[in-house]
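In what follows, a structure is listed as structure tokens, so that the remarks can point back to it.
Nothing in this text is a laboratory measurement; each read-out follows from the coordinates by a stated rule. Here the structure is a predicted model, which means the values were calculated and not measured. Counting neighbours? That spans all protein chains shown, and the Cβs are built from the backbone with ideal geometry, glycine included.
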Amino acid sequence: MWFRKSETTDDKLPEELQKYVDSKESTISDRQLKRLLAKQTDGREIGDDSKHRTDPNSYRLQQQSSKEAYRLEMYKREYPVSEAISINCAELFSKFLQCDRARNVWSSECVPLWKMVRECQRIQKEAFVTFDYEYMNKIEEMDAIRQTCDRLFTKHFKTPEDTDSHEKILQYSLDLKHERERFYERFGK
């Protein structure tokens with residue numbers, strides 16, 4: 001085949017192909033061809049970012065945005081929704097463990113605490129979804145969500161019985177909605 005290199009052929013195109021290529025006139029300039037090739041190979045356009053390479057302010061901004069993106073990615077890895085929920089419910093879980101150690105395993109006194117831990121996790125998860133925690137793009141926003149969800153839960157649910165109260169759940173839901181609106185106003189979402 002013509003595209004395979006052999007000892008008898010050199011690096012030239014076959015004669016028929018060379019005639020065909022020579023007969024076609026290009027409609028794009030060399031500069032356009034270079035841009036097209038650069039864009040196809042690495043996704044950038046030649047010449048468009050040449051001013052950014054020489055502008056120190058633009059380079060500094062690019063570095064800062066890269067650092068911020070890295071910090072955000074590390075934060076999201078360290079505090080995914082599941083971890084943030086665990087942290088917010090950790091105090092309740094600790095109380096349950098203390099109760100469990102002091103008494104027999106799964107004593108009737110500890111079961112309500114375990115139920116409250118589970119409810120904490122469920123309610124916190126719904127709150128994080130309400131605030132779109134996973135889609136935030138600033139650490140400050142994610143911290144504010146974590147603090148707000150924790151504050152609202154501890155404000156409304158102080159005992160295991162509170163998680164069964166429809167009135168408490170309704171009031172919590174209304175406060176959560178209000179806090180979400182304040183959050184979105186504060187961060188311009």
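Of note:
- Exposure proxy ranking for H156, H166, H178, based on other Cβ atoms within 10 angstrom of each Cβ and starting from the fewest, stands as H166, H178, H156.
- Gain on full stretching of the segment that runs from Q18 to E161 - 0.36 nm per residue minus C-alpha separation: 42.9 nm
- Within the range 69-105, the trypsin sites (Lys or Arg not before Pro) that combine a DSSP coil assignment with at most 13 other C-beta atoms in a 10 angstrom radius are R103.
- Of the residues T130, L170, A102, the one whose Cα sits farthest towards the positive end of the charge dipole of the range 81-186 is A102 (charges of +1 on Lys and Arg Cβ, -1 on Asp and Glu Cβ, taken about the Cα centre).
- With q set to 0.13, 0.16, 0.23 Å⁻¹, the log10 of I(q)/I(0) for the range 81-186, from the Debye formula over equal scatterers at the Cα positions, is -0.49, -0.70, -1.21.
- Per-residue Karplus couplings for the range 165-173, computed as 6.51 cos²θ - 1.76 cosθ + 1.60 with θ equal to phi - 60°, are listed in order as 7, 5, 5, 5, 5, 4, 5, 4, 4 Hz, Gly and Pro entered as x.
- For the pair Q171 and T154 in one chain, pulling the backbone fully straight at 0.36 nm per residue adds 4.8 nm over the alpha carbon distance.
- Structure note, pairs K67/K125; K168/K189; K67/K115; K34/K138: Cα-Cα distances above 32 angstrom occur for K67/K115; K34/K138.
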